[in-house]
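J.: Got a structure here, written out as C-alpha coordinates. Questions coming.
The values are calculated or read from the model by the stated rules, or taken from the named source; none is laboratory data. Please read these numbers as outputs of a predicted model, since none were measured by experiment. Cβ sites come from the backbone with ideal geometry, for glycine too, and all protein chains shown count toward neighbours. Heavy atoms of the whole protein, side chains included, go into the accessibility calculation; ligands, DNA and RNA do not. Shrake-Rupley method; radii C 1.70, N 1.55, O 1.52, S 1.80 Å.
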Amino acid sequence: MSDGLSIGLAAQQAPNACALVYQERRYSYRELATLTQSFTRPATRVHPAHPSLQTLLLLYKSLEEQRPLALVSESTSTEQLQLLADRVPEHLPPEIALILFTSGSSGEAKGVMLSRQALLASARASAECLGWFGDDRWLCALPLSHIGGLSILLRSLADRKTVYLCEGFETEKVASLILAEAVTHISLVPTMLWRLLESGFQAPPHLRVTMVGGAALDSNLALRASEAGFSLRQSYGMTETASQIITDGRPLPGVELRIRNERLEIKAPMLMHGYLPPHDQEPCIDQGWFCSRDRALIDEEGSVQILGRSDDTIISGGENIDPRLVESVLNLS
(Lines give C-alpha, C1' and ligand atoms only; values in the text may rest on other atoms or scores of the structure.)
Protein backbone atom coordinates (compact mmCIF):
# COMPACT_ATOMS: atom_id res chain seq x y z
CA MET A 1 0.00 0.00 0.00
CA SER A 2 1.65 3.21 -1.17
CA ASP A 3 -0.19 6.03 0.59
CA GLY A 4 0.25 7.44 4.06
CA LEU A 5 -3.02 6.18 5.55
CA SER A 6 -1.64 2.73 6.29
CA ILE A 7 -0.74 1.78 9.85
CA GLY A 8 1.32 -1.10 8.45
CA LEU A 9 3.41 1.22 6.31
CA ALA A 10 3.73 3.65 9.23
CA ALA A 11 5.07 0.80 11.38
CA GLN A 12 7.72 0.08 8.77
CA GLN A 13 8.76 3.72 8.40
CA ALA A 14 8.58 4.80 12.06
CA PRO A 15 8.26 1.63 14.17
CA ASN A 16 9.30 3.12 17.50
CA ALA A 17 7.75 6.56 17.13
CA CYS A 18 4.92 7.30 19.55
CA ALA A 19 1.66 7.10 17.62
CA LEU A 20 -0.93 7.32 20.38
CA VAL A 21 -1.34 8.31 24.00
CA TYR A 22 -4.61 7.03 25.44
CA GLN A 23 -5.54 6.62 29.10
CA GLU A 24 -1.93 7.38 30.08
CA ARG A 25 -0.68 4.48 27.93
CA ARG A 26 1.73 5.11 25.06
CA TYR A 27 1.59 3.07 21.84
CA SER A 28 4.26 3.01 19.16
CA TYR A 29 3.36 2.63 15.50
CA ARG A 30 4.65 -0.94 15.64
CA GLU A 31 2.36 -1.74 18.58
CA LEU A 32 -0.67 -0.18 16.91
CA ALA A 33 0.03 -2.06 13.69
CA THR A 34 0.19 -5.34 15.64
CA LEU A 35 -3.06 -4.53 17.46
CA THR A 36 -4.71 -3.57 14.18
CA GLN A 37 -3.67 -6.83 12.54
CA SER A 38 -5.28 -8.89 15.31
CA PHE A 39 -8.35 -6.65 15.60
CA THR A 40 -11.61 -8.24 14.39
CA ARG A 41 -13.85 -5.76 12.67
CA PRO A 42 -17.49 -6.06 13.85
CA ALA A 43 -19.93 -7.32 11.25
CA THR A 44 -22.35 -4.41 11.71
CA ARG A 45 -22.66 -1.98 8.80
CA VAL A 46 -22.63 1.22 10.90
CA HIS A 47 -20.48 1.70 14.00
CA PRO A 48 -20.92 4.04 17.00
CA ALA A 49 -17.74 6.10 17.32
CA HIS A 50 -16.76 5.93 20.96
CA PRO A 51 -13.64 7.97 21.85
CA SER A 52 -11.64 4.81 22.43
CA LEU A 53 -8.75 2.68 21.29
CA GLN A 54 -11.28 0.31 19.70
CA THR A 55 -12.59 3.03 17.38
CA LEU A 56 -9.04 3.94 16.42
CA LEU A 57 -8.24 0.30 15.60
CA LEU A 58 -11.49 0.02 13.66
CA LEU A 59 -10.45 3.03 11.57
CA TYR A 60 -6.96 1.65 10.97
CA LYS A 61 -8.30 -1.82 10.14
CA SER A 62 -10.78 -0.42 7.63
CA LEU A 63 -8.10 1.68 5.96
CA GLU A 64 -5.69 -1.26 5.89
CA GLU A 65 -8.27 -3.56 4.29
CA GLN A 66 -9.61 -0.78 2.06
CA ARG A 67 -13.15 -1.37 3.29
CA PRO A 68 -15.62 1.51 3.76
CA LEU A 69 -16.26 2.51 7.37
CA ALA A 70 -19.52 4.19 8.44
CA LEU A 71 -19.40 5.96 11.80
CA VAL A 72 -22.15 7.62 13.85
CA SER A 73 -22.37 9.35 17.20
CA GLU A 74 -21.97 7.12 20.23
CA SER A 75 -25.32 8.46 21.49
CA THR A 76 -27.22 7.15 18.44
CA SER A 77 -30.18 5.05 19.51
CA THR A 78 -30.50 1.41 18.49
CA GLU A 79 -33.50 2.25 16.31
CA GLN A 80 -31.71 5.11 14.55
CA LEU A 81 -28.59 2.99 14.16
CA GLN A 82 -30.58 0.39 12.26
CA LEU A 83 -32.25 3.01 10.07
CA LEU A 84 -28.87 4.44 9.10
CA ALA A 85 -27.41 0.98 8.54
CA ASP A 86 -30.24 0.16 6.13
CA ARG A 87 -29.20 3.12 4.00
CA VAL A 88 -25.62 1.94 3.50
CA PRO A 89 -25.48 -0.15 0.29
CA GLU A 90 -23.84 -3.54 0.49
CA HIS A 91 -21.58 -2.61 -2.40
CA LEU A 92 -19.95 0.81 -2.59
CA PRO A 93 -17.41 2.27 -5.02
CA PRO A 94 -13.98 0.81 -4.15
CA GLU A 95 -12.46 4.23 -3.51
CA ILE A 96 -14.83 5.02 -0.61
CA ALA A 97 -13.05 4.91 2.75
CA LEU A 98 -15.37 6.73 5.14
CA ILE A 99 -19.06 7.48 5.52
CA LEU A 100 -20.25 10.12 7.98
CA PHE A 101 -23.76 11.37 8.57
CA THR A 102 -24.58 15.05 8.57
CA SER A 103 -28.04 16.58 8.91
CA GLY A 104 -29.47 18.93 6.31
CA SER A 105 -31.80 21.85 6.89
CA SER A 106 -34.72 19.46 7.29
CA GLY A 107 -32.84 17.49 9.95
CA GLU A 108 -32.74 14.34 7.80
CA ALA A 109 -29.29 12.80 8.01
CA LYS A 110 -27.21 12.74 4.83
CA GLY A 111 -24.60 10.06 4.36
CA VAL A 112 -21.41 11.71 3.10
CA MET A 113 -19.02 9.41 1.24
CA LEU A 114 -15.34 10.35 1.45
CA SER A 115 -12.70 8.64 -0.62
CA ARG A 116 -9.28 7.59 0.60
CA GLN A 117 -7.77 10.08 -1.85
CA ALA A 118 -9.87 12.92 -0.40
CA LEU A 119 -8.85 12.08 3.17
CA LEU A 120 -5.19 11.96 2.25
CA ALA A 121 -5.45 15.19 0.23
CA SER A 122 -7.01 16.88 3.26
CA ALA A 123 -4.23 15.66 5.56
CA ARG A 124 -1.52 16.79 3.15
CA ALA A 125 -3.06 20.24 2.58
CA SER A 126 -3.46 20.77 6.32
CA ALA A 127 0.17 19.83 6.92
CA GLU A 128 1.31 22.24 4.21
CA CYS A 129 -0.78 25.03 5.73
CA LEU A 130 0.13 24.51 9.39
CA GLY A 131 3.48 22.78 9.15
CA TRP A 132 4.78 19.86 11.19
CA PHE A 133 7.98 20.15 13.18
CA GLY A 134 10.02 17.53 15.06
CA ASP A 135 7.94 15.84 17.73
CA ASP A 136 4.75 17.83 17.22
CA ARG A 137 1.73 16.22 18.88
CA TRP A 138 -1.99 16.87 18.45
CA LEU A 139 -4.56 16.54 21.22
CA CYS A 140 -7.96 15.26 20.12
CA ALA A 141 -10.91 15.96 22.40
CA LEU A 142 -13.48 16.10 19.59
CA PRO A 143 -16.10 13.45 18.75
CA LEU A 144 -14.83 10.74 16.41
CA SER A 145 -18.19 10.55 14.67
CA HIS A 146 -17.41 13.92 13.04
CA ILE A 147 -14.73 14.79 10.55
CA GLY A 148 -13.15 17.32 12.91
CA GLY A 149 -12.07 14.62 15.32
CA LEU A 150 -11.26 12.00 12.70
CA SER A 151 -9.15 14.42 10.70
CA ILE A 152 -6.77 14.75 13.67
CA LEU A 153 -6.22 10.98 13.66
CA LEU A 154 -5.73 10.94 9.89
CA ARG A 155 -3.32 13.91 9.84
CA SER A 156 -1.24 12.36 12.60
CA LEU A 157 -1.15 8.97 10.85
CA ALA A 158 -0.24 10.49 7.49
CA ASP A 159 2.78 12.28 8.97
CA ARG A 160 3.71 9.71 11.65
CA LYS A 161 3.01 12.07 14.53
CA THR A 162 1.56 11.53 18.00
CA VAL A 163 -2.12 11.95 18.79
CA TYR A 164 -3.44 12.31 22.34
CA LEU A 165 -6.94 10.83 22.43
CA CYS A 166 -9.25 12.15 25.16
CA GLU A 167 -12.57 10.63 26.15
CA GLY A 168 -14.47 13.85 25.62
CA PHE A 169 -13.61 17.38 26.65
CA GLU A 170 -12.88 17.88 30.33
CA THR A 171 -11.42 21.32 30.89
CA GLU A 172 -9.08 20.43 33.75
CA LYS A 173 -7.84 17.24 32.11
CA VAL A 174 -7.22 18.91 28.74
CA ALA A 175 -5.36 21.79 30.39
CA SER A 176 -3.23 19.34 32.37
CA LEU A 177 -2.35 17.30 29.28
CA ILE A 178 -1.35 20.37 27.30
CA LEU A 179 1.11 21.33 30.03
CA ALA A 180 2.40 17.92 31.06
CA GLU A 181 2.76 16.41 27.58
CA ALA A 182 4.02 19.48 25.70
CA VAL A 183 1.07 19.33 23.30
CA THR A 184 1.75 21.46 20.22
CA HIS A 185 -1.60 21.28 18.39
CA ILE A 186 -5.19 21.27 19.57
CA SER A 187 -8.56 21.69 17.85
CA LEU A 188 -11.40 23.44 19.65
CA VAL A 189 -14.83 24.91 19.11
CA PRO A 190 -15.39 28.36 20.64
CA THR A 191 -17.19 26.85 23.65
CA MET A 192 -14.14 24.75 24.50
CA LEU A 193 -11.83 27.73 24.16
CA TRP A 194 -14.13 29.79 26.41
CA ARG A 195 -14.10 27.05 29.05
CA LEU A 196 -10.30 26.94 29.07
CA LEU A 197 -10.11 30.72 29.44
CA GLU A 198 -12.72 30.75 32.20
CA SER A 199 -10.62 28.22 34.11
CA GLY A 200 -7.72 30.69 34.07
CA PHE A 201 -5.62 28.60 31.68
CA GLN A 202 -2.65 30.35 30.08
CA ALA A 203 -1.37 28.78 26.88
CA PRO A 204 2.29 27.68 27.13
CA PRO A 205 4.79 28.56 24.38
CA HIS A 206 4.90 24.96 23.13
CA LEU A 207 1.18 25.10 22.20
CA ARG A 208 1.96 26.33 18.72
CA VAL A 209 -1.38 25.80 16.95
CA THR A 210 -4.89 26.21 18.36
CA MET A 211 -7.38 25.45 15.60
CA VAL A 212 -10.79 26.97 16.22
CA GLY A 213 -13.73 26.00 14.03
CA GLY A 214 -17.25 24.62 14.02
CA ALA A 215 -18.80 28.04 14.67
CA ALA A 216 -18.02 31.72 14.30
CA LEU A 217 -15.35 32.97 16.68
CA ASP A 218 -16.45 36.04 18.62
CA SER A 219 -13.89 38.86 18.39
CA ASN A 220 -13.91 39.40 22.17
CA LEU A 221 -13.22 35.71 22.76
CA ALA A 222 -10.42 35.80 20.19
CA LEU A 223 -8.87 38.80 21.94
CA ARG A 224 -9.07 37.10 25.34
CA ALA A 225 -7.42 34.00 23.89
CA SER A 226 -4.64 36.00 22.29
CA GLU A 227 -3.95 37.77 25.58
CA ALA A 228 -3.78 34.35 27.27
CA GLY A 229 -1.06 33.22 24.87
CA PHE A 230 -3.07 31.18 22.37
CA SER A 231 -1.87 31.16 18.75
CA LEU A 232 -5.27 30.94 17.10
CA ARG A 233 -5.83 29.55 13.62
CA GLN A 234 -9.42 30.07 12.54
CA SER A 235 -10.59 27.15 10.45
CA TYR A 236 -13.53 26.60 8.13
CA GLY A 237 -14.60 23.29 6.66
CA MET A 238 -17.34 20.70 6.61
CA THR A 239 -17.92 16.99 6.31
CA GLU A 240 -18.33 17.31 2.55
CA THR A 241 -14.81 18.75 2.26
CA ALA A 242 -13.14 16.25 4.62
CA SER A 243 -12.71 19.03 7.22
CA GLN A 244 -10.48 22.10 6.94
CA ILE A 245 -10.37 23.95 3.60
CA ILE A 246 -9.91 27.58 4.76
CA THR A 247 -7.58 28.76 7.52
CA ASP A 248 -7.36 32.38 8.63
CA GLY A 249 -9.38 33.43 5.62
CA ARG A 250 -7.13 31.76 3.05
CA PRO A 251 -7.90 28.57 1.10
CA LEU A 252 -5.64 25.59 1.68
CA PRO A 253 -3.29 24.46 -1.11
CA GLY A 254 -5.26 22.91 -3.96
CA VAL A 255 -8.57 24.50 -2.92
CA GLU A 256 -10.40 26.70 -5.44
CA LEU A 257 -13.21 28.97 -4.30
CA ARG A 258 -15.80 31.12 -6.03
CA ILE A 259 -19.05 32.91 -5.20
CA ARG A 260 -22.20 32.20 -7.17
CA ASN A 261 -25.56 33.60 -6.11
CA GLU A 262 -23.86 34.78 -2.89
CA ARG A 263 -23.02 31.19 -1.93
CA LEU A 264 -19.57 29.72 -1.56
CA GLU A 265 -18.62 27.08 -4.10
CA ILE A 266 -15.62 24.80 -3.68
CA LYS A 267 -13.47 22.75 -6.02
CA ALA A 268 -10.79 20.69 -4.31
CA PRO A 269 -9.19 17.22 -4.21
CA MET A 270 -10.66 16.70 -0.73
CA LEU A 271 -14.27 17.02 -1.86
CA MET A 272 -16.65 14.20 -1.04
CA HIS A 273 -17.45 11.47 -3.56
CA GLY A 274 -21.17 12.16 -3.05
CA TYR A 275 -24.13 11.41 -0.80
CA LEU A 276 -25.70 8.06 -0.02
CA PRO A 277 -29.24 7.40 -1.28
CA PRO A 278 -31.77 8.97 -1.07
CA HIS A 279 -29.74 12.19 -1.37
CA ASP A 280 -27.46 10.93 -4.13
CA GLN A 281 -29.48 12.70 -6.83
CA GLU A 282 -29.18 16.16 -5.27
CA PRO A 283 -27.46 18.58 -7.68
CA CYS A 284 -24.74 19.58 -5.19
CA ILE A 285 -21.66 19.07 -7.39
CA ASP A 286 -21.55 20.56 -10.89
CA GLN A 287 -18.47 20.00 -13.04
CA GLY A 288 -16.37 19.46 -9.92
CA TRP A 289 -17.77 22.45 -8.01
CA PHE A 290 -19.57 21.82 -4.72
CA CYS A 291 -22.22 24.40 -3.82
CA SER A 292 -22.26 24.98 -0.06
CA ARG A 293 -25.06 26.54 1.95
CA ASP A 294 -22.74 29.24 3.24
CA ARG A 295 -22.79 32.85 2.14
CA ALA A 296 -19.34 34.35 1.71
CA LEU A 297 -17.28 37.16 0.25
CA ILE A 298 -13.91 36.86 -1.49
CA ASP A 299 -11.88 40.05 -1.83
CA GLU A 300 -9.46 40.96 -4.61
CA GLU A 301 -6.56 39.38 -2.72
CA GLY A 302 -8.39 36.07 -2.32
CA SER A 303 -9.22 36.45 1.36
CA VAL A 304 -12.48 34.75 2.31
CA GLN A 305 -15.09 36.02 4.75
CA ILE A 306 -17.83 33.59 5.77
CA LEU A 307 -21.08 35.51 6.35
CA GLY A 308 -23.22 32.65 7.63
CA ARG A 309 -25.61 30.03 6.36
CA SER A 310 -28.06 30.84 3.63
CA ASP A 311 -30.71 29.04 5.71
CA ASP A 312 -29.83 31.09 8.84
CA THR A 313 -28.09 28.21 10.58
CA ILE A 314 -24.41 27.43 11.02
CA ILE A 315 -22.45 24.24 10.72
CA SER A 316 -20.86 22.40 13.63
CA GLY A 317 -19.30 19.05 12.92
CA GLY A 318 -21.33 18.82 9.76
CA GLU A 319 -24.60 19.47 11.60
CA ASN A 320 -26.86 22.50 11.32
CA ILE A 321 -27.68 24.34 14.53
CA ASP A 322 -29.33 27.57 15.54
CA PRO A 323 -26.70 30.34 15.95
CA ARG A 324 -28.18 31.25 19.34
CA LEU A 325 -27.24 27.81 20.60
CA VAL A 326 -23.63 27.81 19.42
CA GLU A 327 -22.15 28.67 22.77
CA SER A 328 -24.28 26.09 24.57
CA VAL A 329 -23.37 23.04 22.52
CA LEU A 330 -20.28 20.90 22.36
CA ASN A 331 -21.01 19.10 19.11
CA LEU A 332 -17.87 19.03 16.99
CA SER A 333 -16.56 18.69 13.51
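Table: residues versus (1) part of a strand (DSSP E or B); (2) surrounded by fewer than 20 Cβ atoms within 10 Å (Cβ to Cβ); (3) modelled with pLDDT of 95 or more.
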{"residue": "I246", "(1), (2), (3)": "yes, no, yes"}
{"residue": "L257", "(1), (2), (3)": "yes, yes, yes"}
{"residue": "L271", "(1), (2), (3)": "no, no, yes"}
{"residue": "P278", "(1), (2), (3)": "no, yes, no"}
{"residue": "Q281", "(1), (2), (3)": "no, yes, no"}
{"residue": "C291", "(1), (2), (3)": "yes, yes, no"}
{"residue": "R295", "(1), (2), (3)": "yes, yes, no"}
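J.: Restricting the search to segment 223-239, which residues are open to solvent by less than 20 Å² (accessible area, probe 1.4 Å) and outside any strand (DSSP E or B)?
T.: Within segment 223-239, A225, A228, F230, T239 qualify.
J.: Does S156 count as open to solvent by 10 Å² or more (accessible area, probe 1.4 Å), closer than 26 Å to G8 by Cα and among the hydroxyl-bearing types (S, T, Y)?
T.: No, not satisfied.
J.: Given the structure, is P253 open to solvent by less than 70 Å² (accessible area, probe 1.4 Å) and either more than 30 Å from P89 (Cβ to Cβ) or among the charged types (D, E, K, R) (or both)?
T.: Answer is yes for this residue.
J.: Answer with yes or no whether Q66 is over 16 Å from the mean Cα position of the chain (by Cα) and on the phi > 0 side of the Ramachandran plot.
T.: Yes, satisfied.
J.: Inspect all residues belonging to segment 217-240 and state whether any of them is among the aliphatic types (A, V, I, L, M), touching a Leu at 6+ places or on another chain (Cβ under 8 Å) and under 20 Å from L98 (Cα atoms).
T.: So far as segment 217-240 goes, no, none of its residues is among the aliphatic types (A, V, I, L, M), touching a Leu at 6+ places or on another chain (Cβ under 8 Å) and under 20 Å from L98 (Cα atoms).
J.: Filter segment 166-188 down to the residues that are open to solvent by 10 Å² or more (accessible area, probe 1.4 Å) and of a type in the set (A, V, I, L, M), then identify the one that is nearest to L217 (Cα to Cα).
T.: Result: A175.
J.: Something else now. Could you name every one of the strands (runs of 3 or more DSSP E) located completely within segment 12-95 that has at least 1 residues being surrounded by fewer than 16 Cβ atoms within 10 Å (Cβ to Cβ)?
T.: 25-28
J.: If I go through segment 49-66 residue by residue, how many of them are within 20 Å of G111 (Cβ to Cβ) and in contact with a helix residue (DSSP H, G or I) (Cβ under 8 Å, 6 or more places away or on another chain)?
T.: 4
J.: Give segment 125-175 a look and list any residue that's part of a helix (DSSP H, G or I) and without any contact (Cβ under 8 Å) to a residue 60 or more places away in the chain, or say none.
T.: A127, I152, R155, T171, E172, K173, V174, A175, listed by residue number.
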